[in-house]
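Undergrad: This is the structure I want to talk about, given as structure tokens.
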Amino acid sequence: MGTAPLIFNMQRFSTHDGPGIRTTVFFKGCPLTCAWCHNPESQAFAPELMADEERCHGCGLCARACPQNAIEIDPERGVARTDRARCTACGACADACPQGLREIAGEPAPPPAELARRLLRDRMFYEKSGGGVTLSGGECLAQDIDYLVELCRLLREEGVHVAADTCGAAPRAHLERLLPFVNLWLYDIKVADETTHRALTGAPNGAILENLAYLAEHGAHINVRMPIVESVNSGDDDIIAAAEAIKSHAGLCPVSLLPYHTTGNGKYARLGRAAPAGAFAVPSAQTMEHLRDLLRERGFLQVEIGG
């Protein structure tokens with residue numbers, strides 16, 4: 001087994017990442033860099049400092065704790081400012097901050113057996129609700145595959161339903177090895193046009209669609225999920241092209257339309273990055289209903305908004 005993957009969050013009692021009540025494990029690191037990403041702390045394959053510097057009281061404890069001398073108190077605002085180029089995300093400042101305004105996103109996952117043990121604490125809720133565990137990210141399939149296979153094997157041995165929330169940008173070998181252990185694939189399709197996909201995510205979508213076809217050919221239970229961003233992929237031509245791509249690669253599988261939201265924009269500032277708020281807009285309820293109807297007209301009978 002290789003290097004343990006990083007986990008940046010574990011969300012218990014989730015009802016949005018598969019059926020029933022679930023625990024969603026968010027692995028850190030993704031091969032895509034979606035311009036509208038609402039979890040920007042999920043993208044890098046390394047720990048990162050998240051600091052709410054605007055609420056800082058300027059006590060200076062973080063600056064004194066930093067071994068890299070990467071933090072200074074802004075003389076005009078009286079708040080701590082971090083030199084991101086010098087920061088190593090060691091976590092010393094997070095431990096020192098009395099306000100709890102600093103944290104490190106991403107910590108090494110425990111061994112598969114230990115993580116499985118923690119996830120099984122909520123077995124009763126999974127069983128009563130028809131839920132289970134969802135592996136998400138970042139991109140779960142971009143993590144150490146030996147680790148993922150062992151974790152999924154342990155969960156399936158205990159009868160736990162396992163879902164994989166994936167963008168599909170992963171080696172085919174990873175899908176092949178996980179296929180026997182995953183009950184449901186929550187498969188993201190952003191846009192059908194390859195040039196647009198590359199511009200918005202940093203990568204082409206050819207392999208993503210081929211991986212979708214591979215799963216369908218091998219009898220996988222697939223629910224395609226499409227993030228809908230106003231004026232990006234919310235037009236009729238966009239959804240019709242996506243429908244044809246999905247149909248030709250996976251048939252008339254269930255589809256979830258996920259409206260873009262801005263609740264994660266504050267995370268960009270905490271990472272020392274600019275937010276995409278000015279570039280993207282939330283689609284209206286009318287737009288979402290119209291896109292749902294377009295899919296239904298093209299034979300997709302299981303279409304939901306959200307989920």
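Undergrad: Would you be able to tell me the number of residues in the range 251-307 that are surrounded by fewer than 14 Cβ atoms within 10 Å (Cβ to Cβ), of a type in the set (S, T, Y) and either free of Cβ contacts under 8 Å to residues at least 60 places away in the same chain or in a helix (DSSP H, G or I) (or both)?
TA: Residues in the range 251-307 being surrounded by fewer than 14 Cβ atoms within 10 Å (Cβ to Cβ), of a type in the set (S, T, Y) and either free of Cβ contacts under 8 Å to residues at least 60 places away in the same chain or in a helix (DSSP H, G or I) (or both): 1 in total.
Undergrad: If you don't mind, another one. Taking the options C37, C93, name whichever one is closer than 30 Å to C140 by Cβ and in contact (Cβ under 8 Å) with a residue 60 or more places away in the chain.
TA: C37
Undergrad: Across the range 139-182, what is the total count of residues that are of a type in the set (D, E, K, R) and within 20 Å of P110 (Cα to Cα)?
TA: Selection size over the range 139-182: 8.
Undergrad: Check off (1) assigned to a strand (DSSP E or B); (2) within 23 Å of G130 (Cα to Cα); (3) in contact with a helix residue (DSSP H, G or I) (Cβ under 9 Å, 6 or more places away or on another chain); (4) not β-branched (V, I, T) for G20 and give me the number that stays unchecked.
TA: The failed condition is (1).
Undergrad: Kindly check whether there is at least one residue in the range 5-22 that is in contact with a Cys (Cβ under 7 Å, 6 or more places away or on another chain) and aliphatic (A, V, I, L, M).
TA: No, the range 5-22 has no match at all.
Undergrad: Being in contact with a helix residue (DSSP H, G or I) (Cβ under 9 Å, 6 or more places away or on another chain) and within 30 Å of V79 (Cα to Cα) is the filter here, so list the residues in the range 102-157 that pass it.
TA: R102, E103, I104, A105, G106
Undergrad: Further question on the same structure: Would you mind stating whether A80 is modelled with pLDDT of 95 or more, of a type outside the set (K, R), under 30 Å from E157 (Cα atoms) and crowded, with 17+ Cβ neighbours inside 10 Å?
TA: Judged against the criteria, A80 is not a match.
Undergrad: Run down N265, N211 and say which single residue is of a type in the set (S, T, N, Q) and in contact with a Gly (Cβ under 8 Å, 6 or more places away or on another chain).
TA: Every option except N211 fails the conditions.
Undergrad: While we're looking at this one, here's another question. For the range 83-129, which positions are at positive phi and surrounded by 14 or more Cβ atoms within 10 Å (Cβ to Cβ)?
TA: A89, G91, G106
Undergrad: Among C152, C140, which is the only one that is within 30 Å of A207 (Cβ to Cβ), buried (at least 21 other Cβ atoms within 10 Å of the Cβ), of a type outside the set (G, A, S) and without any contact (Cβ under 8 Å) to a residue 60 or more places away in the chain?
TA: Exactly one residue qualifies, and that residue is C152.
Undergrad: Inside the range 155-248, counting only helices (runs of 4 or more DSSP H) that do not spill past its ends, which hold 1 or more residues that are among the polar types (S, T, N, Q)?
TA: Counting at least 1 such residues, we get 194-201, 206-217.
Undergrad: Further question: Looking at A173, A192, can you tell me which residue is surrounded by fewer than 16 Cβ atoms within 10 Å (Cβ to Cβ) and at pLDDT 95 or above?
TA: Exactly one of A173, A192 is surrounded by fewer than 16 Cβ atoms within 10 Å (Cβ to Cβ) and at pLDDT 95 or above, namely A173.
Undergrad: Count, please, the residues in the range 175-196 that happen to be touching a strand residue (DSSP E or B) at 6+ places or on another chain (Cβ under 6 Å) and among the acidic types (D, E).
TA: Count: 1.
The values are calculated or read from the model by the stated rules, or taken from the named source; none is laboratory data. All figures in this text were calculated on a predicted structure; none of them were measured in a lab. When we count neighbours, we look across all protein chains shown, and the Cβ atoms used for this are built from the backbone with ideal geometry, even at glycine.
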